[in-house]
Amino acid sequence: MGTKTFHRGLRDLKIAAWNDENDYGTAYDIHGARNMNVEWVVETDELRGDDVVLDRYTKLVSVTVNIEQAAVDLEVVDMLMGGTLVSGADYEDLFVAEDDEVPYVALAGRIVGSGGSSDLHVFVPKAKLAGNLRLQAQVDTYMLPSAEFQGVNEGTVNGMLRLRKFTALTGVEIPLRTETGGL
């Protein structure tokens with residue numbers, strides 16, 4: 001499995017409610033996924049003495065994830081904000097109050113490999129909205145909702161982040177699949 005593959009293009013992004021360690025709600029497709037940026041957040045320190053660096057301390061403390069999508073989907077916003085979503089015959093209404101609890105969610109993205117022969121799946125098992133949920137409307141420009149999350153350690157099963165590389169094109173699920181196929 002040591003073959004080097006180059007990955008290009010986010011092809012799928014899913015979100016699910018986080019219930020407990022390795023226990024999630026139904027995975028929901030984030031329509032028109034445009035971007036998933038993952039950044040490892042580390043705590044560092046260095047020990048200096050005798051005018052040199054004697055030791056370096058580095059520890060992974062969390063994961064920051066930024067996503068961008070092509071559609072305003074109130075189901076996704078509801079999963080992120082913890083509001084109350086009501087669907088009527090002529091409308092969907094999301095009501096978010098200041099005392100609504102912002103829930104934990106899981107995020108999973110699929111990036112296709114070069115030549116379309118493999119996939120890299122990125123899984124953040126437990127994350128919470130950590131930055132502003134952004135909706136920006138402008139003249140002559142599509143609205144591209146975006147959000148920032150902070151992923152935290154879920155436990156011994158999935159940790160803070162999983163990267164799983166499949167040898168064939170594989171559909172993304174929450175939790176991640178353990179075998180190829182299922183597009």
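The values are calculated or read from the model by the stated rules, or taken from the named source; none is laboratory data. Since the structure is predicted, the reported quantities are computational estimates derived from the model, not experimental observations. Backbone-built Cβ (ideal geometry, glycine too); neighbour counts: all protein chains shown. For accessibility, only protein heavy atoms count, side chains too; no ligands or nucleic acids. Shrake-Rupley method; radii C 1.70, N 1.55, O 1.52, S 1.80 Å.
For segment 97-111, does any single residue satisfy the condition of being of a type in the set (V, I, T), in contact (Cβ under 8 Å) with a residue 24 or more places away in the chain, over 20 Å from Y24 (Cα atoms) and in contact with a His (Cβ under 7 Å, 6 or more places away or on another chain)?
Of all residues in segment 97-111, those of a type in the set (V, I, T) come to 102, 105, 111.
Of the ones still in play, those that are also in contact (Cβ under 8 Å) with a residue 24 or more places away in the chain are 102, 105, 111.
In the following step, the residues that additionally are over 20 Å from Y24 (Cα atoms) were identified as 111.
Narrowing further to those that are in contact with a His (Cβ under 7 Å, 6 or more places away or on another chain): 111.
Yes, that holds for at least one residue.
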Restricting segment 75-90 to residues that are within 18 Å of H31 (Cα to Cα) and of a type in the set (D, E, K, R), which is most open to solvent (accessible area, probe 1.4 Å)? E75
Given the conditions (1) part of a loop (DSSP other than H, G, I, E, B); (2) closer than 30 Å to T156 by Cβ, every one holds for A106 apart from (1)
With respect to E154, is the statement that it is open to solvent by 60 Å² or more (accessible area, probe 1.4 Å), of a type outside the set (V, I, T), farther than 21 Å from A33 by Cα and in a loop (DSSP other than H, G, I, E, B) true? no
Identify the single condition in (1) surrounded by fewer than 18 Cβ atoms within 10 Å (Cβ to Cβ); (2) at pLDDT 90 or above; (3) farther than 22 Å from V42 by Cβ that I174 does not satisfy, given that it satisfies every other one. (1)
Hey, can you tell me all the residues within segment 1-36 that are open to solvent by 30 Å² or more (accessible area, probe 1.4 Å), under 13 Å from the mean Cα position of the chain (by Cα) and of a type in the set (A, V, I, L, M, F, W, C)? L10, A17, W18, A27, M36
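Tell me the residue from G88, G83, G49 that is under 23 Å from G151 (Cα atoms) and of a type in the set (G, A, S), please. Working first, answer last.
Working: G88 fails: under 23 Å from G151 (Cα atoms); G49 fails: under 23 Å from G151 (Cα atoms).
When all the criteria are applied, what remains is G83.
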Outside any loop (DSSP other than H, G, I, E, B) and either at pLDDT below 90 or surrounded by fewer than 17 Cβ atoms within 10 Å (Cβ to Cβ) (or both): which single residue out of D100, D93 fits that description? D93
Go through segment 37-74 and report how many residues are touching a residue at least 40 places away in the same chain (Cβ under 8 Å) and either polar (S, T, N, Q) or open to solvent by 70 Å² or more (accessible area, probe 1.4 Å) (or both). 6
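Is it fair to say L183 is in contact with a Gly (Cβ under 6 Å, 6 or more places away or on another chain) and open to solvent by 60 Å² or more (accessible area, probe 1.4 Å)? Full working, then the answer.
Values: in contact with a Gly (Cβ under 6 Å, 6 or more places away or on another chain): yes; open to solvent by 60 Å² or more (accessible area, probe 1.4 Å): yes.
The answer is yes for L183.
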Residue that is least open to solvent (accessible area, probe 1.4 Å), among those in segment 103-116 that are at pLDDT below 85 and within 23 Å of the chain's Cα centre (by Cα): G113
Tell me, yes or no, whether segment 124-138 has at least one residue that is over 12 Å from Y104 (Cα atoms), surrounded by 15 or more Cβ atoms within 10 Å (Cβ to Cβ) and either among the aromatic types (F, W, Y) or touching a Gly at 6+ places or on another chain (Cβ under 9 Å) (or both). no
So K165 fits all but one of (1) over 19 Å from Y28 (Cβ atoms); (2) of a type in the set (D, E, K, R); (3) not in a strand (DSSP E or B); what number is the exception? (3)
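For segment 116-128, give me the residue count where each residue is outside any strand (DSSP E or B) and touching a Phe, Trp or Tyr at 6+ places or on another chain (Cβ under 9 Å).
As a first pass, look at segment 116-128 and keep what is outside any strand (DSSP E or B): 116-118.
Filter once more, keeping what is touching a Phe, Trp or Tyr at 6+ places or on another chain (Cβ under 9 Å): 118.
Residues meeting the conditions: 1.
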